[in-house]
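The values are calculated or read from the model by the stated rules, or taken from the named source; none is laboratory data. On a predicted model such as this, the values are computed, not experimentally measured, just so you know. Note that each Cβ is placed from the backbone with ideal geometry, even for glycine, and that neighbours are counted across all protein chains shown.
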Amino acid sequence: MPPQVVVLGAGPTGLALALKLLQRRDAPRVALVERASQVGGLAASFTCEGIHLDYGSHRLHEVVRAPILRDLQELLGADLLHRPRRGRILIQGRFIGYPLAPLDLLLNLPPSFFLRLGLDVLASPFRRAALDGDGASYAEVLRARLGPTLCEALYFPFARKLWGLPPEEIAVEQARRRVSADSLSKMIRRVVSALPGIREPGAGHGYYYPRQGFGQISNALAEKVRQLGGEILLNTELREIVLAGEQVATLRLGSSKDRADGPLQDLRPDMILATIPITELVAAIRPGVPQAVQKSAASLRYRAIRFCYLILDTDRVTPYDAHYFPQTDLCFSRVSEAKNYSGAVEPRGLTALCAEIPFWPGEEVGELSAEVLAERVLRDLERAGLHIRVPVRHVLAKRYDYAYPSYDLAFAEHLAVVRDYMATIANLIPLGRQADFAHDNLHHALEVAYAAAECLRPDLSWDKALWARHRLTFAEHVVVD
Ligand SMILES: Cc1cc2nc3c(=O)[nH]c(=O)nc-3n(C[C@H](O)[C@H](O)[C@H](O)COP(=O)(O)OP(=O)(O)OC[C@H]3O[C@@H](n4cnc5c(N)ncnc54)[C@H](O)[C@@H]3O)c2cc1C
């Protein structure tokens, strides 16, 4: 029997959405279409020499809503571990505990840094008063909120590296989505609350992590989807969305292995829930979208990322889960040690580091071999003071083209044009990180999926009013790092 609902993309959003639909008493027939050879998208894992490896540092944050956490605990059982956070960040040439810890800060940063921070606190009311309305850019808002010292040491170089733009060219929305501290004094209070004795449970000092890598969450969701009769078409990608008036009449799919010339498979579902990049969605529409929509979609850009993995001949190379590097002269933004996320002891005598290297599609780094990338990573680890003195058994590299949506100063205008057009197609709903062009965490992705499942009526039409209400809450999501 052909599916009544097709979910495009089997990342966490698509999987959780399909599962929620299949768990309904009036469950429709659901198929997921996934380009990759495995489920999980950015939140997938793979195994190399017995080590579970993620696509960069991934953890389930403690702020996950209770009903979602309960569902995940039910799915994963004792495999969903609760772990203490143990990271470091390189600031002013010194490694400091991250999340920031007061004692560590005092012992490692020069007194002049604290003096400048103190002056920033004193000047805070004047900076805020001078801010024009909501501010014009990420740089302006953060400078007003947090002061120049933290911005120059931390937030601005990180922004340049992760999102590939000068902070003056990044939209204010990015500050709202990505920086939870809205004042320097609040940030200082948060750091002080990390002192033993003051620390509260759920204050961000721990996280949840599956024993077999972060991708175990998506794998468990996929297993349940299949058990309930859902179909997951792997290695299959969207080629065309054929419209008849204001409805999708046909979805044209093809194998992602034989790209352009393979046979096509046509589906005619009642509803399509799309979690794939909005730019790909627009490009697939036939007979084509209005020129203004095309132009706006072409202006939306995603930052890509390379993941470079070093497999090392030792049990453990650091006691830390992740190291954060804001410095723009180091090629990576973060380096994580996979075994430290779950506390795995096995495999003995082997560990792995994963370096995250953001880039713009078309830049040279996207095409470098794993070996050349690893040479750069090893060179920069040395320069950063993280010395690797053990043999590198081998290296590998992966690439994800849709890592971060780029919030440049014009993105909101372009996104609105694209969204308004998409809203005219009754049975095609874009949602999730990629289709909604949103910065999010996994717990947000699951929230969106749960909410979307409520909006599909039993007759497979979409409850637009309920969806609009849910979207107001999505707009409040702030990413946890
Ligand atoms: C470096 C990095 C680290 C992160 N760390 C954390 C963390 O610690 N904690 C946390 O909670 N979140 C983290 N996140 C965010 C988390 O990865 C996302 O919230 C989550 O993956 C979003 O799920 P999604 O299903 O919406 O999108 P995705 O995971 O991107 O899934 C989209 C899916 O669509 C598929 N697809 C794309 N195009 C097509 C097509 N044309 N046809 C068919 N299929 C297609 C893709 O292959 C993919 O499987 C991190 C993100 C990044 C970039």
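What the table shows:
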item: Test: residue in the range 226-238 that is modelled with pLDDT of 95 or more, surrounded by fewer than 19 Cβ atoms within 10 Å (Cβ to Cβ) and in a helix (DSSP H, G or I); result: yes
item: The lone exception for LEU396 - which of (1) more than 16 Å from the ligand (Cβ to nearest atom); (2) crowded, with 19+ Cβ neighbours inside 10 Å it fails; result: (2)
item: Answer from GLU454, GLU382, GLU447 - the residue that is in a helix (DSSP H, G or I), surrounded by fewer than 13 Cβ atoms within 10 Å (Cβ to Cβ) and not hydrophobic (A, V, I, L, M, F, W, C); result: GLU382
item: Odd one out for ASN427, checked against (1) under 30 Å from GLN4 (Cβ atoms); (2) touching a helix residue (DSSP H, G or I) at 6+ places or on another chain (Cβ under 9 Å); result: (2)
item: Of all residues in the range 395-409 being among the hydroxyl-bearing types (Ser, Thr, Tyr) and either over 30 Å from ALA136 (Cα atoms) or part of a strand (DSSP E or B) (or both), the one that is farthest from the chain's Cα centre (by Cα); result: TYR400
item: When residues of the range 3-48 are limited to those that are closer than 23 Å to LEU281 by Cα, outside any loop (DSSP other than H, G, I, E, B) and small (Gly, Ala, Ser), the one nearest to the ligand (Cβ to nearest atom); result: GLY41
item: Selection count where residues are among the basic types (Lys, Arg) and within 14 Å of the ligand (Cβ to nearest atom), scope the range 299-328; result: 2
item: Which numbered condition LEU281 fails, given (1) assigned to a helix (DSSP H, G or I); (2) over 29 Å from the mean Cα position of the chain (by Cα); result: (2)
item: Residue among ASP132, ASP120 that is touching a residue at least 40 places away in the same chain (Cβ under 8 Å) and either loosely packed, with under 14 Cβ neighbours inside 10 Å or part of a helix (DSSP H, G or I) (or both); result: ASP120
